[in-house]
Structures are given as C-alpha cells and as structure tokens.
Amino acid sequence: SSGWRLVRARQRGPESMGNGFTTERRLTPRVALDGGLECRLNLRTRVRVLDISLSGALLAAELALPIGATAELRSGLGADAFRSDVQVRRSVGLPPGVPLKGHGAMFVAMDERSRRSLEAFLRKASQ
C-alpha cells in the first residue's frame with residue numbers, strides 16, 4: 001500500500017480535478033484557523049550588492065521581496081566580515097535583460113565591527 005487514498009474533493013476552483021477526486025497524502029486532517037496564527041518563513045537566497053553606503057544598499061535578488069520585509073545581509077567587505085539587518089524600503093527597476101529584482105534596502109541594525117568594516121570599505125572605494 002502506498003499510503004495514498006482517494007477522497008471526494010470539494011469544488012474549490014480551477015485547481016480541482018475534473019472528476020471530483022483528488023489524491024489525499026495527509027496522514028492527519030488539517031484544522032482551519034481564523035488567521036490568528038502568524039509565522040515566519042526564513043529563506044536563504046543569494047543577492048548581489050549593486051551599490052552601498054553607510055545607510056543602505058541597492059540589492060539585486062532572484063526573489064521579489066515586499067516593501068517592509070526584513071532580512072540579514074552577510075558578506076565580506078574587502079578582507080573583513082560584514083553583517084547587518086536590513087529592511088526593504090523600495091522596489092527598483094533593473095536594466096532590461098537583468099533577470100533579477102532590484103531592492104533598495106536600509107541598514108536597521110549593525111554591530112560595531114561591521115560598521116567599522118563598512119566605513120573602511122567605503123573610504124578605500126572612494127579613493
């Protein structure tokens with residue numbers, strides 16, 4: 001036995017199969033919630049830093065992020081490690097042909113070591 005069983009499906013829309021049956025894979029029933037349970041889904045994705053300042057960065061990511069989303073940005077700046085919490089403040093169009101989503105992000109929390117690394121990086125880059 002595969003552990004799958006056929007059950008009568010309620011008509012929910014176009015995703016329902018035409019014959020009214022769907023393959024049930026759950027081992028226990030679901031319980032409907034009134035929307036009072038909020039969860040966080042932490043995703044890891046690669047982003048490219050297009051430009052950076054003391055207050056934020058322009059990021060290019062594979063995923064579209066909603067304005068207000070927060071994330072942890074970790075990278076190396078020169079020879080030093082860098083870590084900051086960022087908040088997406090705006091969506092930015094990228095040049096045609098770039099298959100990534102642009103995000104203007106503001107640094108909202110950063111430890112002193114990362115701040116010094118960023119300051120040193122920016123000083124060196126502007127020379």
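The values are calculated or read from the model by the stated rules, or taken from the named source; none is laboratory data. Just so it is clear, the structure is predicted and the values come from calculations on it, not from any experiment. Here Cβ is always computed from backbone atoms with ideal geometry, including for glycine, and neighbour counts include all displayed protein chains. In case anyone asks, the SASA skips ligands and DNA or RNA and just uses the protein heavy atoms, side chains included. Shrake-Rupley method; radii C 1.70, N 1.55, O 1.52, S 1.80 Å.
Residues of region 62-95 that are over 18 Å from the mean Cα position of the chain (by Cα) and modelled with pLDDT of 90 or more: PHE82 alone.
When PRO99 is tested against (1) farther than 17 Å from ALA125 by Cβ; (2) touching a residue at least 40 places away in the same chain (Cβ under 8 Å); (3) assigned to a loop (DSSP other than H, G, I, E, B), just one condition goes unmet, and that condition is (2).
Just one residue in the set VAL31, VAL88, VAL47, VAL98 is surrounded by fewer than 10 Cβ atoms within 10 Å (Cβ to Cβ) and out of contact with any Lys or Arg (no Cβ under 8 Å at 6 or more places or on another chain); that residue is VAL31. Of ARG74, ARG83, all but one fail to be surrounded by fewer than 17 Cβ atoms within 10 Å (Cβ to Cβ), of a type outside the set (A, V, I, L, M, F, W, C), touching a helix residue (DSSP H, G or I) at 6+ places or on another chain (Cβ under 9 Å) and in a strand (DSSP E or B); the exception is ARG83. Residue pairs whose Cβ atoms lie under 6 Å apart, separated by 6 or more positions or on different chains, with the first residue in region 40-54 and modelled with pLDDT under 90 and the second open to solvent by 80 Å² or more (accessible area, probe 1.4 Å), are THR45/GLU62. Only residues that are crowded, with 17+ Cβ neighbours inside 10 Å and more than 14 Å from LEU50 (Cβ to Cβ) were counted in region 101-122, giving 6.
So which of ARG48, ARG40 ends up being of a type in the set (Lys, Arg) and in a loop (DSSP other than H, G, I, E, B)? After applying the criteria, what remains is ARG40. In the set (1) open to solvent by less than 50 Å² (accessible area, probe 1.4 Å); (2) assigned to a strand (DSSP E or B), the condition left unmet by GLY68 is number (2). Entry remark, region 51-65: residues being open to solvent by less than 100 Å² (accessible area, probe 1.4 Å) and in a loop (DSSP other than H, G, I, E, B) number 6 in total.
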